[in-house]
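Here it is: the structure, laid out below.
Every number here is computed from the coordinates shown, using simple stated rules; none is lab data. Owing to the predicted nature of the structure, the values given are computational and were not obtained by experimental measurement. Cβ coordinates were reconstructed from backbone atoms using ideal geometry, including for glycine residues, and neighbour counts include every protein chain displayed.
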Amino acid sequence: MKKLNTALTLYKIDGIAGITRVFKEKAKKRFGKSQKIKVVFLVDKVDVMNCDFDIAPKTFDTTPKKGPYVFNWIVHPPGRGSGGHQNLFRFMKYLEKAGHKCRIYLYSAHSKPTIERIRENISVGYDQLDASIEWLDGEMEPADGIFATGWETAYPAYNQKSNARRFYFVQDFEPYFYTVGSEHKLAENTYNFGFTGITAGRWLTTKLREEYSMKCDFYDFGVDNSAYKMTNFAKRKRIFFYARPVTPRRGFELGLLALEKFHSKNPDVEIVMAGWDVSNYEIDFPYTDLGVSDVADLPEIYNSCAAALVLSFSNLSLLPLELLSCGVIPVLNKGSNNEMVADNVYIKYCESAPGSLAKALDEAVNRPDQVEYAKKASESVSAQGWEESGKRFVSIIEGEMSG
């Protein structure tokens, strides 16, 4: 019991990382000094140590140039169905359609899958590009602009000897991915590198401008209306939960509390979870676990649901607009991170409390005009495709390059 209390206290103070650290240290003592604890980051430590942005800041070429342009993108290896990577490829494709050339340089401080495996991963669900793909090894081919696409890629982007203009494709406030500590600070430092940020939605641009004086602009969120559309016009007795226990910013535990309250009042409504395999978690109500679903299956899943719980404590998820397009009422937590990005009247914003979230789900499912309301919700995003976002993105980049 004493050990359990100690573990719980440590969890309260330092979270799962603290418990993991103690277990590693105990293993080291038990099995001998050869059991060393390796300090690792998402970024190669050499790239961090070579990045003297604070004592010897670099200047990048801002001379106006005529297009078309060549852009090198540094990208963490994409996996199957990665939403963030799919969005990256979408916007690279918009640059290619506008006549510009892109190259993809893969970067990882740890595992390095083969190019063949990468191509296999992006063969389904990704925009197919003309861009070359290779591992970053030393200096890149000359380019007019270099894109960082995540905090860990910002370091090698900064360290390249080229003085090409630097861009930062920012999809989330990545310091929030970590507890306050080393990785939180390493991620935060990248907003002081002197890059020009292009962010997913207005909230990130506002935050980076105000808190870091970073030069930024944004594109609006869109939805692929050819894939996500309302096809089920019957009354629905099912709700959806975006369940990502491995992603703390998605509020998995809070979501379970809200769903438990919802179920107590609506025991006949099926609760569907997707986003991660949650079968090993103790969950105190019946549910259907769809695990990590294929992107191609999502429209049919969404069309079976009346409402969806999608929590996010960093930038808005891509799901709410996709859900709306399928006639699903999204229930989200209040906050500028969500409300500044999507102000659609059919999104129900609530306090981040189980009772408020459960009440909103209950109201959405039990509306007497559920089907008609779902049609209006779907129609509200019918003109909100990605094309306008792509045009704005290309316009921002071309404007920066041409002066």
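Please work out the FRET efficiency for the pair Y349 and K185, using the Cβ-Cβ distance as r and a Förster radius of 30 Å; give the result to the nearest 0.05.
After rounding, the FRET efficiency stands at 0.45.
If you consider only alpha-carbon coordinates, what radius of gyration and Dmax does segment 238-384 have, in Å?
Over segment 238-384's Cα set, Rg and Dmax evaluate to 13.9, 41 Å.
With an 8 Å cut-off on Cα pairs and a minimum separation of 6 or more residues, tell me the relative contact order of the chain in percent.
For the chain, the relative contact order is 15 percent.
Please report, in debye to the nearest 20, how large the charge dipole of the chain is about its Cα centre when each Lys and Arg carries +1 at its beta carbon and each Asp and Glu carries -1 there.
1220
While we're on this one: Got a sec? Charge dipole of the chain, +1 on Cβ for Lys and Arg, -1 for Asp and Glu; which of V328, Y373, G403 is way out at the positive end?
V328
Note down the relative contact order for segment 238-384 as a percent, whole number, built from C-alpha pairs under 8 angstrom at least six residues apart.
Averaging sequence separation for qualifying contacts and normalising by length gives 26 percent for segment 238-384.
A further question follows. Please state the charge dipole magnitude for segment 238-384, taken about the Cα centre, from unit charges on C-beta atoms (+1 on K and R, -1 on D and E), reported in debye and rounded to the nearest 20.
380
Now, a different point. Tell me which residues come under 5 Å, amide H to amide H, from F218 once H is placed; ignore anything under 5 positions away on its chain.
Result for F218 returns T199.
Could you point to the residue in G390, L95, S279 farthest towards the positive end of the chain's charge dipole, with +1 and -1 charges on the Cβ of Lys/Arg and Asp/Glu respectively?
S279
Let me ask something else about it. Let me spell out the model: positive unit charges on the Cβ of Lys and Arg, negative unit charges on the Cβ of Asp and Glu, origin at the Cα centre of segment 91-141. What dipole size does that give, in debye rounded to 20?
160
Going toward the positive end of the dipole of the chain, with +1 on Lys and Arg Cβ and -1 on Asp and Glu Cβ, which of A342, F41, Y155 do you reach last?
Positive-most Cα among the choices belongs to F41.
To continue, here is another question. Whole-Hz Karplus ³J(HN,Hα) for segment 134-146, in order, using 6.51 cos²θ - 1.76 cosθ + 1.60 and θ = phi - 60°, x for Gly and Pro?
8, 7, 6, 9, x, 8, 7, 5, x, 8, 7, x, 10
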